[in-house]
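The block underneath contains the structure these notes are about, expressed in structure tokens.
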Amino acid sequence: MKRTKKTLWTCLGIAAALLVVRLATSPVVFRVPFFTQEHSDQPRFVLLNPFRSRAPEEAGNRAVRSIEAGHCKEVVESSDMEPARKKYTCGWLADVFVRGAVRWDLRNRTDSGDRCTLYYWNDGTILEVWMRKVEGKWKLSRIYMID
């Protein structure tokens, strides 16, 4: 009986240590890979780390909210997209927003060095927002829609 308790406490200690390491190093605590969006590999259920750095999200949220307000051209103007892609992106985003009030909610995030991809969802559609860090500030790099 004592050995079982000791083993249990050891396992709990290891699990707690792994959780602390995960919280310190990743913006996402847990992804449920079994349930994905129909046309993408993005999981439907993600638990974001409450202790993550929100700097890229703040810049991404500003960009998405500006697009929601009808300022797409101003938002994508300084992005890394080619001019034709900027025009195309604003065209389909305008079409999406004409259909009705759309509110995009952040559901997932992946980080890689000075790059961050934010995944905003609305009614089964995913808006993939690529951010990159330039001179210490996060800026919009690209926007894609997965329908």
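The values are calculated or read from the model by the stated rules, or taken from the named source; none is laboratory data. Since this is a predicted model, take the numbers as computed values, not measurements. Counting neighbours? That spans all protein chains shown, and the Cβs are built from the backbone with ideal geometry, glycine included. Ligands, DNA and RNA are excluded from the accessible area calculation, which covers all protein heavy atoms including side chains. Shrake-Rupley method; radii C 1.70, N 1.55, O 1.52, S 1.80 Å.
Data table
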| quantity | calculated |
| --- | --- |
| Unique residue being open to solvent by less than 40 Å² (accessible area, probe 1.4 Å), modelled with pLDDT of 75 or more and not hydrophobic (A, V, I, L, M, F, W, C) when the list is GLY60, GLY70 | GLY60 |
| Of all residues making up the range 9-29, the number that are open to solvent by 100 Å² or more (accessible area, probe 1.4 Å) and either more than 15 Å from THR110 (Cβ to Cβ) or at pLDDT 65 or above (or both) | 2 |
| Selection within the range 43-73 - under 24 Å from ASP114 (Cβ atoms) and of a type in the set (Asp, Glu) | GLU57, GLU58 |
| Some residue of the range 39-55 being modelled with pLDDT under 85 and over 18 Å from the mean Cα position of the chain (by Cα) | no |
| Checking TYR120 against (1) closer than 26 Å to VAL28 by Cβ; (2) open to solvent by 20 Å² or more (accessible area, probe 1.4 Å), the condition it does not meet | (2) |
| Counted residues, the range 106-124 - those being out of contact with any strand residue (DSSP E or B) (no Cβ under 6 Å at 6 or more places or on another chain) and assigned to a loop (DSSP other than H, G, I, E, B) | 3 |
